[in-house]
Amino acid sequence: MRLHVVDHPLVAHKLTTLRDKRTDSPTFRRLADELVTLLAYEATRDVRTERVDVETPVTATNGVKLSYPRPLVVPILRAGLGMLDGMVRLLPTAEVGFLGMIRNEETLEASTYASRMPEDLSGRQVYVVDPMLATGGTLVAAIQELIRRGADDVTAVVLLAAPEGVAVMERELAGTPVTVVTASVDERLNEHGYIVPGLGDAGDRMYGTA
Ligand code: URA
């Protein structure tokens with residue numbers, strides 16, 4: 001597994017405002033969207049392309065276009081939905097699959113309650129998006145499912161990561177073609193499974209506590 005922490009002043013600025021407990025939901029959603037777009041730029045550095053011919057108003061030349069099979073973007077419900085627009089804005093040809101996963105707040109174990117994805121992901125590049133890599137349980141389960149379906153290149157885009165979650169990913173996904181792209185690896189997880197200093201519950205801050 002490869003880890004890429006995006007070091008950029010715009011990323012740091014937006015992340016700081018996301019962390020601020022006074023930031024309201026509309027602002028949080030807008031900033032998360034903007035931050036994902038910046039992370040997506042880095043996360044798609046190895047997106048597959050093919051050469052194509054193109055005619056400019058001046059002459060014939062060639063360039064590149066995103067190739068087939070189309071990349072797949074998979075938001076993990078619920079909070080990953082807040083990252084979907086930012087990803088597909090940069091990946092206009094992407095297909096979108098959905099994985100609904102919930103973490104038991106006592107055992108911190110992840111379980112799947114909804115799944116809508118192609119069964120066969122052979123040869124596909126997959127971008128899985130979830131704001132918080134905390135214990136790693138949810139992302140590991142999601143990525144193992146994507147690899148089981150044949151995905152041969154998986155990039156997880158997360159706003160924030162905890163060192164404990166990164167360690168779990170490195171252990172459980174050793175030897176797999178997985179990259180994690182994040183704005184920060186924070187200090188630690190607290191006893192409730194929250195990232196410290198973190199930004200609180202990402203889903204609640206985006207969508208409220210419904
Ligand atoms: N999920 C969140 O939303 N926040 C955390 O800090 C950890 C997991």
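Screening residue 179 on (1) farther than 23 Å from residue 35 by Cα; (2) modelled with pLDDT of 95 or more shows it passes everything except condition (1).
Scanning the stretch 142-192 for residues that are over 17 Å from the mean Cα position of the chain (by Cα) and within 16 Å of residue 73 (Cα to Cα) yields 149, 150. Can residue 79 be described as modelled with pLDDT under 95 and over 25 Å from residue 6 (Cβ atoms)? So residue 79 does not fit the description; no.
Filter the stretch 171-210 down to the residues that are crowded, with 19+ Cβ neighbours inside 10 Å, of a type in the set (D, E, K, R) and part of a loop (DSSP other than H, G, I, E, B) and list them by number. Listed by number, the list holds a single entry, 186. Can you work out which of the residues in the stretch 187-210 that are among the hydroxyl-bearing types (Ser, Thr, Tyr) and more than 9 Å from the ligand (Cβ to nearest atom) is modelled with the highest pLDDT? This residue is 207.
Scanning the stretch 157-179 for residues that are within 15 Å of the ligand (Cβ to nearest atom), touching a helix residue (DSSP H, G or I) at 6+ places or on another chain (Cβ under 9 Å) and farther than 19 Å from residue 14 by Cβ yields 165, 168, 169. Total residues in the stretch 30-62 satisfying the condition of being hydroxyl-bearing (Ser, Thr, Tyr), loosely packed, with under 11 Cβ neighbours inside 10 Å and touching a strand residue (DSSP E or B) at 6+ places or on another chain (Cβ under 8 Å): the figure is 1.
The values are calculated or read from the model by the stated rules, or taken from the named source; none is laboratory data. The model shown is predicted, which means the values in this text are computed figures rather than measured ones. Here Cβ is always computed from backbone atoms with ideal geometry, including for glycine, and neighbour counts include all displayed protein chains.
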